[in-house]
Structures are given as C-alpha cells and as structure tokens.
Amino acid sequence: MTALKDFNLQPITSIENIDLLLFPSRNGLGDVHNFDVFYGEISLCNLDKHFDVEANSDTIDESLKMQRDVDTARVKALTSYLKERKDYALPPVIFFVNRLSNVVEHSFNAGKMVEATLEATSHRFIVDGQGRTYTIKTMIKVLKALKEHGLGFMMFVTNTDSIYDAEVVIKQLFSDINGKTKKPSTSLSLYFDSSKPFSRLLNEIIQAEITIGSETKLLSDILSKQGNISVGKLWTYKQFSKFFCTVFNESEASLNKSLADPDTYCQFVDIGKKFVLNILNNLPVELLFGQDWRKFHEEALFTKALFANGVALVGLSLIEQSAYSGSIEWSKLDRMSELPIVDMSNDLWVKYGVCSNENGKVKIIRGCDKKIARVLCNQLNIMPSMEI
C-alpha cells in the first residue's frame with residue numbers, strides 16, 4: 001500500500017464486472033508467494049473493455065512504474081502484422097489481479113474448472129502483453145474480425161488489498177520474462193531485477209537523498225530506467241551499473257558472488273553511497289532540469305558515459321589508496337566542481353586527448369575514460385590506480 005498512499009497512484013480497474021471461466025494451476029511463483037494461479041481465455045472485446053496498459057513515463061514518474069513504456073515501434077510492427085495477415089496468432093498475456101469473487105469450483109473426470117467474477121473495482125496489471133493489449137484496443141475498432149477472436153491468458157491472483165502490494169514480484173516476473181532478450185532496455189531490466197545481490201545493491205544506493213539546487217531528490221530521480229536520456233536525467237541505469245562494476249573492479253557476475261556475504265554487502269552499500277554522494281555534490285546536475293537541459297547535456301563532459309567510467313576509476317584509485325592511508329579521502333573530490341566539466345571544448349580535455357575540436361566541431365574521443373581518469377587524478381591530487 002506504500003506506493004498508493006505516498007504517491008496517490010490509481011490502480012487499473014474496469015467499468016463493470018466480468019465473469020471468467022478458469023482452469024486452476026500451480027507454479028513456483030504461485031507457491032512461494034501464496035498466489036492463486038489460473039489459465040483461461042478472454043475475448044478481445046472483453047480485453048479491450050476490462051483491461052488497460054500502464055501509463056507511459058511522460059505521464060507518471062518512471063520510478064513508480066512496474067512496466068516499460070509502450071513502445072511505438074513495437075506497436076507499429078504489431079499493427080502492420082494484424083492488418084497484413086489474416087492468419088495471425090497472438091501469444092497469451094500474463095496479468096495479475098488482486099482479488100476474485102464468487103469463486104465456484106467444478107470437478108470433472110478430466111480435471112477442475114472454476115467460475116469466478118473479476119469485479120470492476122478489482123485491480124489488474126498486465127506484466128506481459130502490454131503491446132498486444134494496446135494494439136488490440138486500437139485495432140478492434142478497425143478490424144471487425146478481432147471482435148470474434150479470443151486470447152489466452154495466465155492470471156495470478158495476489159489476494160492482497162492492492163496490486164501494488166505485489167510490486168516487487170511483478171517487476172521480478174517482468175525481468176525474468178524479458179531480461180535475457182533484446183526487447184526491454186538493459187537499464188529497465190536491471191532496475192526491475194531484485195533476484196541478484198548486485199541489483200539489490202544498486203536499488204538500495206539509488207534511494208540516497210541528494211541536493212540539487214534548492215531541492216532534495218533521490219538519486220533514483222536522475223537516472224533513466226527506460227534507457228533514454230530526458231530532462232533531469234544524468235545517466236542511464238545501465239551506465240550507473242557499469243559505474244559501480246568499475247569502482248569495485250569486478251564484473252557483475254563476480255560482484256554477485258562477493259555480495260552474497262552480508263558483511264561485504266553492507267560495506268559496499270556504505271562505500272557506494274558515500275562515493276556517489278560526494279561525486280554528485282560536485283556536479284552541476286541542476287543544469288539538467290532547466291529549459292536548455294538538452295544543450296547542457298550535449299555540451300557538458302560530466303553527462304557522458306565515458307566520464308562516468310572515468311570518475312569510477314578515480315573512485316577505484318581512492319579505494320586502493322585507502323589501503324595505505326587507512327581511510328578513503330572523499331574530500332579530494334571537492335575540487336572537481338572547479339574543473340571545466342561542463343564544457344567538452346575546454347583546452348584541458350583537448351590537450352590530453354579526451355575530446356577533439358576540429359573547426360569548432362567538438363567530439364568526445366572513443367575509449368577516453370582512462371584519459372579522463374588520469375586528468376582527474378592529476379588535478380585532484382589522487383594516486384591513480386594501476387588499472388588506469
């Protein structure tokens with residue numbers, strides 16, 4: 001209920017009840033979380049009438065979303081498929097509902113069948129099939145044949161007051177279904193994935209509070225989970241993930257093994273939060289919230305993924321140096337705000353091969369993250385790691 005209470009999210013409901021004919025089933029997700037699991041079929045007319053897709057991140061804050069945005073390109077491809085093919089077939093959708101009522105079970109020689117009502121006020125959320133649903137809702141008005149067709153579904157009944165009480169499970173199932181394919185952005189799959197220690201570490205770190213101008217925000221607010229840079233977004237979640245792999249000088253797979261130890265996990269969370277807060281305190285992130293945010297994002301060095309990786313190498317250098325000094329000297333990062341990090345064309349970056357400037361056309365040079373790290377270490381009086 002936290003999401004609903006704190007952010008006044010409106011769960012997806014319907015305008016009237018719908019009666020369903022269901023086949024009960026079991027799977028690991030249902031057993032572990034005490035959900036009821038059913039299979040069935042719904043007419044496309046009823047899918048259109050009783051279900052909807054989650055609003056895109058231009059309508060609700062992406063940190064509150066449990067799904068990726070409905071992608072225009074994917075919808076266009078599916079629309080063309082339905083228009084051009086008479087022998088189309090759509091895979092089943094998977095959705096969650098928080099409650100069923102009027103549940104009556106019937107037994108037959110071949111198995112069991114259930115009659116139930118999904119009331120208008122019951123919450124529902126499509127975890128796999130948003131694109132299909134959105135396309136059907138659009139095309140059913142155009143293609144008359146769709147009104148006679150149906151679609152299979154798998155349904156999880158959470159038996160909770162709100163669908164948002166199952167938010168973590170819904171996100172995890174999305175990640176399980178889509179995380180190993182190219183369909184969603186890597187940033188979104190990482191953000192939704194709570195099955196691995198490294199993902200949990202990242203999601204804990206991004207809850208840290210940061211000060212941007214006169215406002216207090218969460219670190220999460222300036223990271224793009226959808227994988228696209230927009231107003232107020234510094235890096236993508238994937239770039240943030242790579243940032244910490246570099247800081248700790250381990251691969252994601254290796255970190256998942258290391259972080260399985262509770263003490264190591266706590267230590268890494270503490271280091272991660274302190275490092276990122278000290279970095280962000282010295283970056284002019286407030287420029288990304290203004291009217292000219294896109295211009296600043298394009299012209300600044302600190303917004304680039306290569307800069308993020310270079311800063312991560314600086315963090316690795318500080319951590320390694322602490323083996324000799326006995327503590328991590330975060331204060332050495334304070335002078336970063338005095339460096340020309342908002343201007344890629346500055347002579348400092350051009351001189352040391354970080355950027356090129358040919359007839360006023362400025363570009364960041366591919367693979368320059370270690371050069372960035374060396375310049376920063378030199379300017380901030382930090383002993384560089386041997387990795388640089």
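Each peptide in 244-252, 292-300, 47-55 receives the mean, over its residues, of other Cβ atoms within 10 Å, and ordering these scores from highest gives 47-55, 244-252, 292-300. Residues considered: N56, N378, N281. Largest GNM mean-square fluctuation over the chain, using C-alpha springs under 10 Å, is found at N378. Sorting the segments 266-279, 305-318 by their residues' average number of neighbouring beta-carbon atoms within 10 angstrom, most packed first, yields 305-318, 266-279. Computed over protein heavy atoms with a 1.4 Å probe, the accessible surface of the chain works out to 51 Å² per residue. If r is the Cβ-Cβ distance from A145 to D176 and R0 is 41 Å, what FRET efficiency results, to the nearest 0.05? The computed FRET efficiency comes out at 0.80. Across the protein chains, with a 1.4 Å probe defining accessible surface, the residues M336, M383, M154 rank M383, M154, M336 from largest area downward.
With R₀ set to 45 Å, the beta-carbon distance separating S230 from S258 gives a calculated FRET efficiency near 0.85.
Scanning the chain for helices, which whole DSSP H stretches are 24 Å or more long along the axis (Cα) and average 1.0 or more by Kyte-Doolittle?
Answer set is 305-325.
Partners of K86 within straight-line reach, counting lysines whose Cα lies under 20 Å from its Cα and excluding those fewer than 8 residues away in the same chain: K76, K137, K141, K144, K147. Comparing mean-square fluctuations of F156, F302, F38 from a GNM of the chain with C-alpha springs under 10 Å, the top value falls on F38.
The values are calculated or read from the model by the stated rules, or taken from the named source; none is laboratory data. No experiment lies behind these values; they were computed from the predicted model shown. Cβ sites come from the backbone with ideal geometry, for glycine too, and all protein chains shown count toward neighbours. The accessibility values were calculated without ligands, DNA or RNA, using every heavy atom of the protein model including side chains. Shrake-Rupley method; radii C 1.70, N 1.55, O 1.52, S 1.80 Å.
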